[in-house]
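Below is one structure, written out as structure tokens; the observations come after it.
Computed from the coordinates by the stated procedures, all read-outs in this text should not be read as laboratory data. Everything quoted here is computed from the prediction, not taken from an experiment. Every residue, glycine as well, gets a Cβ built from its backbone with ideal geometry; the counts of neighbours run over all protein chains shown.
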């Protein structure tokens, strides 16, 4: 099916093709006003920008969670960004698209670091300071990599830093387990 707004198709996980019109109908049927676009890398889907625009046009509060390696430049400015900065232990730090950090807006965007070890924490601290993320983003989130770092040790590093950052646990992993999907 084609979207009447942008004449493009939208692809869901599993290869099912449905139109943005159909996605919008499903969102309306949920009856909520907050929509988060996430999963893999949504900006890698050519239709994501059109979907976000359509959601914003209907006055939804829209958040897009991005892996940070694709430019956010063309993203609808009405959408909030949750930008994941890849740390060294992820093996993807070289993929970070650094200009994205300069586009963060303190009134609506967040930046997240997943920390696996002390080197990741040191990397995150330097990026936070070098890009002045404490004032550039609404929130700076520090998320421990699942079962790779001692939570109390990370909490101590955060506390000792004096930085205005929040430790964020991936609650779904604690509630449903690390292998649960679709929760």
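Details
- Candidates 94, 41, 160: whichever shows maximal mean-square fluctuation once the chain is modelled as a Gaussian network with Cα springs under 10 Å: 160
- Acute angle (nearest 10 degrees) that the helix 118-130 long axis makes with the longest principal axis of the chain, alpha-carbon atoms: 70
- Our estimate of slack between residue 169 and residue 122, defined as 0.36 nm per intervening residue step minus the Cα-Cα distance, is 15.0 nm.
- Between residue 129 and residue 153, the modelled label-to-label distance comes to 2.1 nm, taking each label 7 Å out from Cα in the direction of the beta carbon.
- The gain in end-to-end length when the residue 36 to residue 143 segment is fully stretched comes to 36.7 nm, 0.36 nm per residue minus the alpha carbon separation.
- For the chain, the longest principal axis of the C-alpha atoms and the axis of helix 48-57 are separated by about 80°.
- Mean separation of Cα contacts under 8 Å (6+ apart) over length of region 102-183, as relative contact order %: 30
- Where both bridge residues fall in the chain, DSSP classifies roughly 15% of the beta bridges as antiparallel.
- Evaluated over the Cα positions of region 9-176, the convex hull gives a direction-averaged projected area, one quarter of its surface, of 10.5 nm².
- Structural descriptor for the chain: relative contact order 13 percent, calculated from alpha carbon pairs under 8 angstrom and at least 6 residues apart.
- With respect to the chain, whose longest principal axis is taken over its alpha-carbon atoms, helix 151-161 is tilted by about 80°.
- Taking the empirical scaling 2.2 N^0.38 Å for compact globular proteins as reference, region 85-183 has a Cα radius of gyration ratio of 1.08.
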